[in-house]
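Below is one structure; the comments refer to it alone.
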Amino acid sequence: MATSSSLAEAISALRRRYGDAAVRRGDDPVPAGVWATGLPVLDTTLTGGGLPLGRIAVLAGQRPGGPTGRLTLLQALLAIASRSMQVAYVDLPGTLDPGYLADLGADLRSCLVVRPPEAALGQGLAMARTLVRAGVPWVGVALGAGLGARARTWEHPLTALGEAAWSTRAVVCFSAPAPLAAPLAYASSLTLGCTPLGWHEAHGDVVGLRVHLDVLKSKVGAPGASSAALVRYPRPHAVGDVVGLPTLLPQQHGEGRRGVAPRRGTGDSPASGLSAAGEVPSPGKTAAG
Amino acid sequence: MSRVLCARFPHLGLLAAWRRHPELRAEPVVVGGAPELRLPVVAASAAAEAAGVRAGQPLREAQQRCPAAVFVALDEVAVEALQQAAIAALCTVSPAVEVGDDEAFADLSGSHAMHPSEVAWAVAVARALAVTLGEAPAAGVAGSRFVARTAARIGAPGRVRRVRDGEEAAFLAPLPLHLLPGDRAVLSRLATLGLDCAGAVASLALADMQRQFGPAGLAVHRLARGQDGEGVRPWAPPRTMAERLALDGGGVADLEALRRGARRLTESLGARLHAAALAAGSLDLHLEEEGGGAAAASRVLPAAAGNPDELWPAVLGLLGEVRPEAPVAALRLQAGQLISGGGRQLDMWTGGDARRDAVLRGVMRLQDRFGGDTLLQPGLAVDPGDLPERRGVWERAGGPQPAARRIAGARP
């Protein structure tokens, strides 16, 4: 008893002197501040209510080839962040459209877009690190396909970017296709899987993409949370946004993660506009990512 | 809450002429040059203005309107010296100042430790300007640039006219419409409708103004209500400072001699920067070779350098990069992206204001290393046409392209 009392005193003294994070028990949750995305569907799914500060988060496409909504989701998050802070976007695929970003509600004056020479990921990550060190508090990195084979060349810049984010408490969010490259899977503190459920249509026109979101990995809380979201594309008279959808039943989700409850309805609202289960997104809408 | 002081005084060209020729104080004076020249009037004294002379008129017309006027040339050096003196004087009493040819602005937002009230602060600013220029200004204090300028315009020299916060619309209401710096076409149409004062325009519904006149109507409506939202546009230091050193004995091919020359150049440039309280964000080193060729190298500094010791490591690095192919006749060192060496007044109410400079410096370093096209700022085209993919435009982040790294005549 005396030992545990002196241990508690020692821990208390250490925390007083070096801060609360200096000593913690193994089963204590890792203290990490979060950046609330402002999207209820994401904030309720993610541990702590948002993306972790000072860590690398990954939006991982869960289907190789074809739209998964990860890029649109990243750009929607970038747009939200740009309204309150300086943001940077490493555009390796070179597909970012300023008009589309503006339609998502971004403040373009707060956006910096990095396009490294020859789309080299290592250089792009090094540039992102410099910006994070300089004080950019929110960085998005969009990755294209085929980067896994060259993973060793960007392992070191990725680690350096993670360290810079940790020291400046910046939000670093990747959007990566499946399969996730090993260094990124290792460096990620939060991996959010994006599985397409089907196009969302209204009046015979595709207006969005329904996506299932899974917390596949989390160093800042328990993984396993999931939700369904509708990534609504910007249209001539409506801005793009991300809204929640009714939660999937486990057995429906287990079947390839493509279907939703076959609810019928008319109109444009997310709840009533769901189409039949098993619908496969067709190519042709480039923005889904 | 933003507060702006505007002080109006005679044109600096006129003040310089009076300093040079005190006997002209009571005479009608026109600044701009001899009346035979095809040049406009830059400034006119009150006696000349009473005869109908206005700035911008041809000098010949000014002579016809006021045959007794004395015509003097604009002394640009004296005007520059007066302007710098006014800036230095105002900087002692206000964190952000702006000095033009005939008016000055100072930021009076917040509070000043030595001047407990806004009136006392405004008087101190006006007095500093009067001592420097030798002429008491007419000053106005208000919540925005336009209202402060209007208050100064209708005020008398040596007086401070103060418009309290929230009283801008009431202050402007009786003033004639032509005082509003809005779209002339909109103002004349409003005048034809019988709206002859700012208050009449301010009482109109915003939606009606927008429907009738579009964005120009909205701007006029905001002005009439004293809601222009503009403040002081602070004075910025000069962008570059350079030093040149011709090496003794003609062409020099010895690296040690070049190093000594570069050291001397660094010390003189660093001393100038230090004396002007400036710091350099970038450095360019030019080696002028015998025969007319030149080699150059440039670098964005990781941290702003404002004295010889801070400049020297960067100069040494540049000296290692540059590859002259003939004996060097002269060295030229140019400091660019000059900022105030003591830092600038931070906007405490804007989040991330201190961070903005650091990010801009990071952007410039990356552009220096990877090229200007690697860091871009997205924007929207003004007139995209019919194609949706043309809506977006890309601009170079952090400002326009700097001067080319290889100077004219340099080898690639």
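The values are calculated or read from the model by the stated rules, or taken from the named source; none is laboratory data. It should be emphasised that the depicted structure is a prediction, and the values quoted were computed from it without experimental measurement. Every residue, glycine as well, gets a Cβ built from its backbone with ideal geometry; the counts of neighbours run over all protein chains shown. Protein only, heavy atoms only, side chains kept; ligands, DNA and RNA dropped before computing areas. Shrake-Rupley method; radii C 1.70, N 1.55, O 1.52, S 1.80 Å.
Summary of values
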item	result
Probe 1.4 Å, all protein chains present, accessible-area order of B:F105, B:F370, largest first	B:F370, B:F105
For the protein assembly as shown: Kirkwood Rh in Å [reciprocal of mean 1/r, alpha carbons]	30.7 Å
Average beta carbon contacts from partner chains per residue of A:107-113, 10 Å cutoff	5
FRET E, pair B:R184, A:H156, Förster distance 56 Å, beta-carbon r, rounded to 0.05	0.35
Tail weight of P(r) past 18 Å, computed on alpha-carbon pairs of the stretch A:6-135, percent	66 percent
For A:A88, distant residues with modelled amide H under 5 Å away	A:L112, A:W138, A:V139, A:G140
Solvent exposure of the protein assembly as shown as accessible area per residue, Å², 1.4 Å probe	48 Å²
Per-residue HN-Hα couplings for the stretch B:331-339 [Karplus 6.51, -1.76, 1.60; θ = phi - 60°; Hz; x = Gly/Pro]	10, 9, 10, 10, 9, x, 6, 6, 10
3J(HN,Hα) from dihedral phi, the stretch B:192-200, Karplus parametrisation 6.51/-1.76/1.60, rounded to Hz, x for glycine, proline	5, 7, x, 8, 9, 9, 5, x, 5
Contour minus Cα-Cα distance for B:A73 and B:R369 (0.36 nm per residue)	101.8 nm
Label-point gap, in nm, between B:R259 and B:E325 - each point 7 angstrom along Cα→Cβ	2.6 nm
Label-point gap, in nm, between B:R272 and B:R164 - each point 7 angstrom along Cα→Cβ	5.2 nm
Protein accessible surface hidden between B and A, which excludes ligands and nucleic acids, total in Å², probe 1.4 Å	1900 Å²
Distance between the stretch B:11-75 and the stretch B:102-179 - C-alpha centres, whole angstrom	27 Å
Segment A:A145-A:A8, extension gain: residue separation times 0.36 nm, minus the distance between their alpha carbons	44.2 nm
Computed [θ] at 222 nm, helices only, for chain B once each DSSP H run of length n ≥ 4 contributes -39500 (n - 2.57)	-11500 deg cm²/dmol
Residues with amide H under 5 Å from that of A:L197, placed H, sequence gap 5 or more	A:R210, A:V211, A:H212
³J(HN,Hα), Karplus 6.51/-1.76/1.60, whole Hz, each residue of the stretch A:36-53, x for Gly, Pro	5, 6, x, 9, x, 5, 7, 5, 7, 7, 7, 5, x, x, x, 7, x, 7
Built amide H within the under 5 Å cut-off of B:V393, gap 5+	B:G379, B:L380, B:A381
B:L175/A:D43 FRET efficiency (R0 56 Å; Cβ-Cβ; nearest 0.05)	0.60
